[in-house]
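Here the structure comes first, spelled out in structure tokens, and everything after it is commentary.
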Amino acid sequence: MLSIKNLHASVDDKEILKGLNLEVKAGEVHAIMGPNGSGKSTLGNVLAGREAYEVTGGEVLLEGKDLLELSPEDRAREGVFLAFQYPVEIPGVSNINFLKTALNEIRAYKGLPPLEAREFLNRVKEKQKLVEFDAKLANRSLNEGFSGGEKKRNEIFQLAMLEPKLGILDETDSGLDIDALRIVARGVNQLRSQNNAFIVITHYQRLLEYIVPDFVHVLYKGRIVRSGTKELALELEEKGYDWIKDTVDAEGAA
Amino acid sequence: MSTKDDELLKELALEEYKYGFTTDIEMDIAPKGLTEDTVRLISAKKNEPEWLLEWRLKALRHFLQMDMPTWQNFEHPDVDFQDISYYAAPKAKPQLNSMDEVDPELISTFEKLGIPLNEQKVLAGVVAVDAVFDSVSVKTTFREKLKEQGVIFSSFGEAVQEHPELVRQYLGSVVPQTDNIYAALNSAVFSDGSFVYIPKGVHCPMELSTYFRINAENTGQFERTLIIADEGAYVSYLEGCTAPMRDENQLHAAVVELVALKDAEIKYSTVQNWYPGDKDGKGGIYNFVTKRGICKGDNSKISWTQVETGSAITWKYPGVILKGDHSVGEFYSVALTRNKQLADTGTKMIHLGKNTRSKIVSKGISAGVSHNSYRGLVKIGPGAENSRNFTQCDSLLIGDRCGAHTFPYIENRNKTATLEHEATTSKIGEDQLFYLTQRGIDPEKAVGLIVNGYAKEVLNQLPMEFAVEAQKLLAISLEGSVG
Ligand SMILES: Nc1ncnc2c1ncn2[C@@H]1O[C@H](COP(=O)(O)OP(=O)(O)OP(=O)(O)O)[C@@H](O)[C@H]1O
Ligand SMILES: [Mg+2]
């Protein structure tokens, strides 16, 4: 599904990603962990095509297609979805209207006609239920005045509505209470299929108890420095990052 | 902002005008120039009574003695008043009652603009329309239906013939001839416009609307609108306008007067989309309009809503004189400027009665190298016990070469008054644009969504059908898609 090879990217001429490799197959969930500032959100933004992030080397293929060639909207239409670490507020724009626009733009890209109002509303209801997203929030202005947790849940509601191929969840768990965490995880699990894949960025092993990953990677200084299964997350929880940092820094010095 | 956004914004700022076509129709056009003879000619064409000719001539004398103001936040363009024709009408002026008598060219012109003049084609009586083409009204729909309830909705010219007593009583009672130089000019040469009278206790059964179209070259449009809501009456009135694309500037100097008697309410909505000129600022309409209402009776209410997207220069301050006790004045405005457009607009709320309230919500949107100024006056007279004003004045900037300016004036002569003022300036954020495009939305549409969201509080004030139109207009004004 997704193939990242030797990806280099910088912000303001400062190199953040320094040769990152990652293969994600359809049906898989990959967790990415790593210390603050290691480049996790940068990876998400680079994949989604954010302007400020300049790719200076490497390649990214989504189902064989060169992702880096595409505009942000076309990447989204190809099936890349980024659940933001810090979702922005857009005053006065109705959540539902926004989703309808997004959904129909994606459909138009695929040569499909716009969803009829009834079909659209049925889908809204179905997905609201799936991620237990309050109908009141769905009808409000996009994230305006939402609590931190509500914003995160709105991201997952949108993900459910748009059914992307590749969902990137950037610390969706931070700010969620325990119940909300379970609900969000359950929603994601129900959306998992053989036709999609997820990259789950998190600091906490707890999320991975609910969304069980196929692989866990540690991102440090712009590279993936360790990969393993969910046991790696447990190990990190126990020992912190120092042992990895030390070995990586030592390797680098050698 | 990044380079890609810049390009996008540039493109948005250049979106072309889609109502720029001209209608080929035989016209009766007065020779250019402004003298007493011009005024006499107009008055004679309209078969006016002597008192009205005298009133016009008096206005002309005022006009000739007045100087151009200099306080506005733009350089006043040189307008050569002798180089304008003050009267232009389609030949063979159609009679009023039958559709068959309206020139098919005109019907198709208004249809292209989305204004059906054929009553059968209109969804069962939602909006009655008065269509003004250059200097004259060509057709007013649903007059019979309105008449049943005693509502008078006609062209100004007809009102002068059929209800001279009402016209004479109220004409110039809210905007005096001497109010400002353009009001004086309009009073001297006004050609047509709409007249509305809602009798006591009548809730007007449909939206009334006037659609103004400037077509002829080198003419000015000087229409006059007078709306009177008698005691306990209610009316919602809408006004829309477009003009062809021409390289020369054209002057539009209208006067609108509203009178609300005791317990009456008037809601006046404008969607102004005059030709704004091209991207280099060539051509476009000078929209210099005086609009004012008076809440004459106790408990009356006047509400102005305007969505201004067109014109090379927009210069107007729809205001309310709150004379009756407990009367309410409101002003909701969205003004969008792009390319080299200029807008200096706002409102005047004059509190005279006790317990009067006013609310001002102004949303400016500037793109390109345009300048957008809010100018508002809140005046509290000595007798306006316990009066209140709330002003909210927001500016949204698209790109970094445009300007937003705010000039709030307050004159308070009563200590019991409460005045609140809030102001914000914001930019469309890269993070907002990215959020929307990350969901698959086209960047131009994304800007349209953000702008409409920003303007929502004002758009919500518009009647349904108009709100949808206005939303599209705002989005289209910023989008690259030419319809
Ligand atoms: N837009 C930006 N402008 C300047 N610096 C940036 C920008 N985005 C990221 N950086 C820098 O790049 C580095 C990596 O940031 P990134 O947000 O990817 O880290 P992260 O791994 O997601 O951290 P966290 O766990 O705290 O979310 C940091 O040093 C950060 O300051
Ligand atoms: Mg991060």
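Criterion first (hydroxyl-bearing (S, T, Y) and more than 16 Å from ligand 1 (Cβ to nearest atom)) does A:S71 satisfy it?
When the stated conditions are applied, A:S71 passes them.
Does A:V93 qualify as being over 21 Å from the mean Cα position of the chain (by Cα), within 14 Å of chain B (Cβ to nearest Cβ) and surrounded by 15 or more Cβ atoms within 10 Å (Cβ to Cβ)?
Spelling it out, A:V93 is indeed over 21 Å from the mean Cα position of the chain (by Cα), within 14 Å of chain B (Cβ to nearest Cβ) and surrounded by 15 or more Cβ atoms within 10 Å (Cβ to Cβ).
When segment A:194-214 is examined, which residues are found to be β-branched (V, I, T) and within 16 Å of ligand 1 (Cβ to nearest atom)?
A:I199, A:V200, A:I201, A:T202
Within segment A:68-88, can you find the residues that are more than 14 Å from the chain's Cα centre (by Cα) and more than 8 Å from chain B (Cβ to nearest Cβ)?
A:L68, A:E69, A:L70, A:D74, A:E78
State yes or no: is A:L121 touching a residue at least 24 places away in the same chain (Cβ under 8 Å) and of a type outside the set (V, I, T)?
On the way: touching a residue at least 24 places away in the same chain (Cβ under 8 Å): no; of a type outside the set (V, I, T): yes.
Taking the combined requirement at face value, the residue does not satisfy it.
Sort out which residues of segment A:177-188 are assigned to a helix (DSSP H, G or I) and either modelled with pLDDT of 95 or more or touching a Gly at 6+ places or on another chain (Cβ under 9 Å) (or both), and write them in order of number.
Answer for segment A:177-188, where residues must be assigned to a helix (DSSP H, G or I) and either modelled with pLDDT of 95 or more or touching a Gly at 6+ places or on another chain (Cβ under 9 Å) (or both): A:A180, A:V188.
Considering every residue within segment A:128-150, establish whether at least one is under 26 Å from A:K25 (Cα atoms) and part of a loop (DSSP other than H, G, I, E, B).
The answer is yes; a qualifying residue exists.
Rundown of residues vs (1) within 16 Å of ligand 2 (Cβ to nearest atom); (2) among the small types (G, A, S); (3) not in a loop (DSSP other than H, G, I, E, B), yes/no style:
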{"residue": "A:L47", "(1), (2), (3)": "yes, no, yes"}
{"residue": "A:R77", "(1), (2), (3)": "no, no, yes"}
{"residue": "A:Y86", "(1), (2), (3)": "yes, no, no"}
{"residue": "A:G92", "(1), (2), (3)": "no, yes, no"}
{"residue": "A:L99", "(1), (2), (3)": "no, no, yes"}
{"residue": "A:G111", "(1), (2), (3)": "no, yes, no"}
{"residue": "A:K125", "(1), (2), (3)": "no, no, yes"}
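If B:L397 passes every condition in (1) touching a strand residue (DSSP E or B) at 6+ places or on another chain (Cβ under 8 Å); (2) more than 30 Å from A:L82 (Cβ to Cβ); (3) more than 13 Å from every other protein chain (Cβ to nearest Cβ) but one, which one does it miss?
(2)
So that you can scan it fast, the table gives a plain yes or no per residue for (1) of a type in the set (A, V, I, L, M, F, W, C); (2) within 16 Å of ligand 2 (Cβ to nearest atom):
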site	(1), (2)
A:G145	no, no
A:D177	no, no
A:L207	yes, yes
A:Y241	no, yes
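Quick one: would you say A:A76 is of a type in the set (A, V, I, L, M) and within 13 Å of ligand 1 (Cβ to nearest atom)?
no
Can you find a residue that is within 21 Å of A:V124 (Cβ to Cβ), within 14 Å of chain B (Cβ to nearest Cβ) and away from ligand 1 (no atom under 16 Å from the Cβ) anywhere in segment A:183-193?
The answer is no, given that none of the residues of segment A:183-193 is within 21 Å of A:V124 (Cβ to Cβ), within 14 Å of chain B (Cβ to nearest Cβ) and away from ligand 1 (no atom under 16 Å from the Cβ).
Could you please give the count of residues in segment A:107-123 that are under 24 Å from A:R75 (Cβ atoms) and not aromatic (F, W, Y)?
Our first condition is that a residue be under 24 Å from A:R75 (Cβ atoms); within segment A:107-123, this holds for A:107-115, A:120, A:123.
With not aromatic (F, W, Y) added as a condition, the list becomes A:107-108, A:110-115, A:123.
Residues that pass the stated criteria total 9.
Quick one: A:E155 ticks every box in (1) outside any helix (DSSP H, G or I); (2) within 16 Å of ligand 1 (Cβ to nearest atom); (3) crowded, with 18+ Cβ neighbours inside 10 Å; (4) not hydrophobic (A, V, I, L, M, F, W, C) except a single one, so which number is it?
Failed condition: (1).
Can you confirm whether A:L2 is more than 14 Å from the chain's Cα centre (by Cα), more than 13 Å from ligand 2 (Cβ to nearest atom), of a type outside the set (S, T, N, Q) and under 21 Å from A:G167 (Cβ atoms)?
Values: more than 14 Å from the chain's Cα centre (by Cα): no; more than 13 Å from ligand 2 (Cβ to nearest atom): yes; of a type outside the set (S, T, N, Q): yes; under 21 Å from A:G167 (Cβ atoms): yes.
For A:L2, the condition - more than 14 Å from the chain's Cα centre (by Cα), more than 13 Å from ligand 2 (Cβ to nearest atom), of a type outside the set (S, T, N, Q) and under 21 Å from A:G167 (Cβ atoms) - is not met.
Within segment A:65-83, restricting attention to residues that are in contact (Cβ under 8 Å) with a residue 12 or more places away in the chain and more than 15 Å from B:G440 (Cβ to Cβ), which residue is surrounded by the most Cβ atoms within 10 Å (Cβ to Cβ)? Give the derivation first.
Pass one, segment A:65-83, residues in contact (Cβ under 8 Å) with a residue 12 or more places away in the chain: A:65, A:67-68, A:70-83.
Filter again for more than 15 Å from B:G440 (Cβ to Cβ), leaving A:65, A:68.
Details: A:K65: 12, A:L68: 16.
Ranking the candidates gives A:L68 first.
Of the residues that sit in segment A:48-63 and are more than 21 Å from A:N154 (Cα to Cα) and in contact (Cβ under 8 Å) with a residue 60 or more places away in the chain, which one is farthest from the other protein chains (Cβ to nearest Cβ)?
Going through the qualifying residues, I end up with A:E63.
Would you confirm whether or not segment A:19-33 contains a residue that is within 14 Å of chain B (Cβ to nearest Cβ) and within 16 Å of ligand 1 (Cβ to nearest atom)?
Among the residues of segment A:19-33, not one is within 14 Å of chain B (Cβ to nearest Cβ) and within 16 Å of ligand 1 (Cβ to nearest atom), which makes the answer no.
The values are calculated or read from the model by the stated rules, or taken from the named source; none is laboratory data. Keep in mind that this is a model prediction, so the values were computed, not measured. No Cβ is skipped: glycine too gets one built from the backbone with ideal geometry, and neighbour counts run over all protein chains shown.
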